[in-house]
Amino acid sequence: MTDPETFYRDTVLAHSRAPRHAGAPPRVDASGHAESRLCGDAVDVFLMRHPDGTLARIGHRAEGCAISIAAADLMAETLSGQTDDQARATSGAFQTMLTSGVPHPALPPHLHAFAGLAAYPARRGCALLPWQALATALGHGPRT
Amino acid sequence: MNQIRPTSPDLARYRADFPILGQTVHGKPLVYLDSAASAQKPEAVIAAMVHTMRAQYANVHRGLHALSEAATEAYEQTRDVVARFLNAPDRAEIVFTRNSTEAINLVAHSYGALLKPGQAVLISEMEHHANIVPWQMLRDRAGIALRVCPITDAGELDLDALEAQLADGRVGLVALTHMSNVLGTITPARRIADLAHRYGARVLFDGSQAVVHQTVDVQAIDADFYVFTGHKLYGPTGIGVLWGRHALLDAMPPFLGGGDMIDTVTLARATWARVPHKFEAGTPPIIEAAGLTAAIFYLQAIGQDAIAAHEAALTDHALTRLAEIPGLDVIGRARHRGGVVSFTLAGVHAHDIATLLDRQGIAVRAGHHCAEPLMHRLGLGSTARASFALYTTHQEIDALVAGLHRVRALFA
Ligand SMILES: Cc1ncc(COP(=O)(O)O)c(C=O)c1O
């Protein structure tokens, strides 16, 4: 991975210190929760939809390490405007990238730094936690 | 700490006995501060295990040939070595298991079978999951109550509460850690045993951490059961020890059934071998036993008191240096403690600390340390933990402190 200090400075801390999407949006159409058994981290994800069903705003409440908070915030940023199927595909691409260690072309560049976590299997779960919460939220939400 | 401790004897020369410690990690010299999770192995242990496999390996207790006899003798010698290590009165009181966890499960199963519904087992808030879950399983299986002794904010056992919980005479067994793997607290074993016995209870100590850092004498502390695990004692994985009083072991039904633990078997029934063999079903950890003997000899050659003094000096140094870091809180302030220091750093999650330290070659543990109820009691999700061993140096603690300053600066 690029030096983890660089990863922390440029990606993780930039988004975990003052997360832009923290908290629930004004209306919550669906939500999901995920917890890590390993460290007790917990993430809630809240979805607010446009009338056409696409994701209008995604909010999160993440309690845990800086990686899980940054991952939640960047996930929220990435997914707004997507349909549920697009969000699922984005999620799949993110998971693939965390295993392969190769930045995924289908993902926006601001997520690419997470590819380095492939070298940190114990921390992969932290970055995936919000995406797990998302999967629950999408599972309960209306399909587009 | 204002207590005066003996100066650290120079154990630096023993560091070279641990081949793994010469490694670099991410291009940095390895600073291994995770010995409480598992200790590294000296050459003597590695060599003893290799020698067993190369020169005197066969199954034990069943061969009439030379190799089997040699292997049996070596395996049984480990029982003598462990008996002397714990000052057990009788070598037959030493039962080999896979680890501490299995030893505690054995007692929960077999001593638990002698407890009556309405009786209770008493544990504490600072137990490792290994000394919680087997008792919950016993509770759910056999209608045995489970009581929990609180700890003080300093991280010591609340002995008044312990006595209060014993007072009605229903506690059949007190099962407590002899040293906390999170707080470093060393519990007053003899006082606990006296209290337990006064109210008619037996006492088990989880010595997984304690045996590594101090001399343990099961007679002096008046224990009834004592367990430890080989891999934390510079020995191999796959071998643990249960010591129990002969009369208790004798009265207990077997744990696992199979070969080696029987006297006679017909298709209708079996009769049990005598202790300790009654509790050692199947082929035992033969190679690991050779490693455990070597580990104990190794510790004794250095001197357990010298090691304890060295670790006390390291712990003092760590507590002094860690106090220099703004926002750092050491968790647990027990007066009597061993070389395990847990801490939190304001604004930085323990996992982030561990990842960033790892990049500097420093290995610490982060998480709940298999003691979730304790974390809950302390109101913490996780902590970082540095733990010390005979091969740890003052410079390594200084490296940890420098590493933590760097983490803080990054998060500032
Ligand atoms: C206090 C304590 N008890 C029990 C255990 C369990 O040891 P093992 O996993 O070897 O059974 C540990 C170590 O993980 C420990 O620190």
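The values are calculated or read from the model by the stated rules, or taken from the named source; none is laboratory data. Predicted, not measured: the structure shown is a model, and the values here were computed from it. Every residue, glycine among them, receives a Cβ derived from its backbone with ideal geometry; neighbour counts consider all protein chains shown. These area figures cover heavy atoms from the full protein model, side chains too; ligands, DNA and RNA do not enter into them. Shrake-Rupley method; radii C 1.70, N 1.55, O 1.52, S 1.80 Å.
The table below lists the values:
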{"item": "Residue among B:94, B:144 that is β-branched (Val, Ile, Thr), at pLDDT 95 or above and more than 22 Å from the chain's Cα centre (by Cα)", "result": "B:144"}
{"item": "Condition met for residue A:78 (open to solvent by 10 Å² or more (accessible area, probe 1.4 Å), modelled with pLDDT of 95 or more and within 14 Å of the chain's Cα centre (by Cα))", "result": "yes"}
{"item": "Scope segment B:18-70; condition among the small types (Gly, Ala, Ser), open to solvent by 60 Å² or more (accessible area, probe 1.4 Å) and not assigned by TED's automatic domain parsing to the domain that holds residue B:284; matching residues", "result": "B:22, B:27"}
{"item": "Conditions (1) surrounded by fewer than 21 Cβ atoms within 10 Å (Cβ to Cβ); (2) within 16 Å of the ligand (Cβ to nearest atom); number of the one not met by residue B:364", "result": "(1)"}
{"item": "So residue B:405, is it open to solvent by 10 Å² or more (accessible area, probe 1.4 Å) and more than 9 Å from chain A (Cβ to nearest Cβ)", "result": "yes"}
{"item": "Residue in segment B:52-75 that is within 14 Å of residue B:241 (Cβ to Cβ), away from the ligand (no atom under 16 Å from the Cβ) and out of contact with any Phe, Trp or Tyr (no Cβ under 6 Å at 6 or more places or on another chain) present", "result": "yes"}
{"item": "Some residue of segment B:270-281 being basic (Lys, Arg), within 16 Å of the ligand (Cβ to nearest atom) and either out of contact with any Pro (no Cβ under 9 Å at 6 or more places or on another chain) or open to solvent by less than 10 Å² (accessible area, probe 1.4 Å) (or both)", "result": "no"}
{"item": "Considering residues of segment B:299-314 that are more than 18 Å from the chain's Cα centre (by Cα) and more than 21 Å from residue B:189 (Cα to Cα) only, the residue nearest to the other protein chains (Cβ to nearest Cβ)", "result": "B:314"}
{"item": "Residue under evaluation residue B:240, criteria (1) surrounded by 19 or more Cβ atoms within 10 Å (Cβ to Cβ); (2) out of contact with any His (no Cβ under 9 Å at 6 or more places or on another chain); (3) of a type in the set (Gly, Ala, Ser), criterion not met", "result": "(2)"}
{"item": "Filter result (within 16 Å of the ligand (Cβ to nearest atom), assigned to a loop (DSSP other than H, G, I, E, B) and either within 22 Å of residue B:114 (Cβ to Cβ) or open to solvent by less than 20 Å² (accessible area, probe 1.4 Å) (or both)) within segment B:206-220", "result": "B:207, B:208, B:209, B:216"}
{"item": "Which numbered condition residue A:107 fails, given (1) among the hydrophobic types (A, V, I, L, M, F, W, C); (2) more than 14 Å from every other protein chain (Cβ to nearest Cβ); (3) assigned to a helix (DSSP H, G or I); (4) buried (at least 16 other Cβ atoms within 10 Å of the Cβ)", "result": "(3)"}
{"item": "Condition met for residue A:87 (modelled with pLDDT of 95 or more, open to solvent by less than 60 Å² (accessible area, probe 1.4 Å), more than 20 Å from residue B:358 (Cβ to Cβ) and under 12 Å from the mean Cα position of the chain (by Cα))", "result": "yes"}
{"item": "Filter result (touching a strand residue (DSSP E or B) at 6+ places or on another chain (Cβ under 7 Å) and either within 14 Å of chain B (Cβ to nearest Cβ) or among the polar types (S, T, N, Q) (or both)) within segment A:1-56", "result": "A:31, A:35, A:38, A:39, A:41, A:42, A:43"}
{"item": "Among residues of segment A:110-144, those that are more than 14 Å from chain B (Cβ to nearest Cβ), modelled with pLDDT under 90 and surrounded by 14 or more Cβ atoms within 10 Å (Cβ to Cβ), counted", "result": "2"}
{"item": "Residue B:358 in contact (Cβ under 8 Å) with a residue 60 or more places away in the chain, among the acidic types (Asp, Glu) and either at the interface with chain A (Cβ under 9 Å from one of its Cβ atoms) or open to solvent by 10 Å² or more (accessible area, probe 1.4 Å) (or both)", "result": "yes"}
{"item": "Per-region count, segment A:36-51, residues free of Cβ contacts under 8 Å to residues at least 12 places away in the same chain and not charged (D, E, K, R)", "result": "2"}
{"item": "Unmet criterion (only one of (1) part of a loop (DSSP other than H, G, I, E, B); (2) within 18 Å of the chain's Cα centre (by Cα)) for residue B:130", "result": "(1)"}
{"item": "Enumeration of residues in segment B:326-353 that are within 11 Å of chain A (Cβ to nearest Cβ) and either open to solvent by 20 Å² or more (accessible area, probe 1.4 Å) or touching a residue at least 60 places away in the same chain (Cβ under 8 Å) (or both)", "result": "B:347, B:348, B:349"}
{"item": "Subset of segment B:88-120 that is assigned to a strand (DSSP E or B), of a type in the set (A, V, I, L, M, F, W, C) and more than 16 Å from the ligand (Cβ to nearest atom) - its residue that is nearest to residue B:170 (Cα to Cα)", "result": "B:120"}
{"item": "Enumeration of residues in segment A:57-75 that are open to solvent by less than 30 Å² (accessible area, probe 1.4 Å) and more than 14 Å from chain B (Cβ to nearest Cβ)", "result": "A:58, A:59, A:60, A:73, A:74, A:75"}
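The rows are residues; the columns are (1) assigned to a loop (DSSP other than H, G, I, E, B); (2) farther than 23 Å from residue B:365 by Cα; (3) away from the ligand (no atom under 16 Å from the Cβ).
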{"residue": "B:182", "(1), (2), (3)": "yes, no, no"}
{"residue": "B:195", "(1), (2), (3)": "no, yes, yes"}
{"residue": "B:200", "(1), (2), (3)": "yes, yes, yes"}
{"residue": "B:204", "(1), (2), (3)": "no, yes, no"}
{"residue": "B:228", "(1), (2), (3)": "no, no, no"}
{"residue": "B:241", "(1), (2), (3)": "no, yes, no"}
{"residue": "B:249", "(1), (2), (3)": "no, yes, yes"}
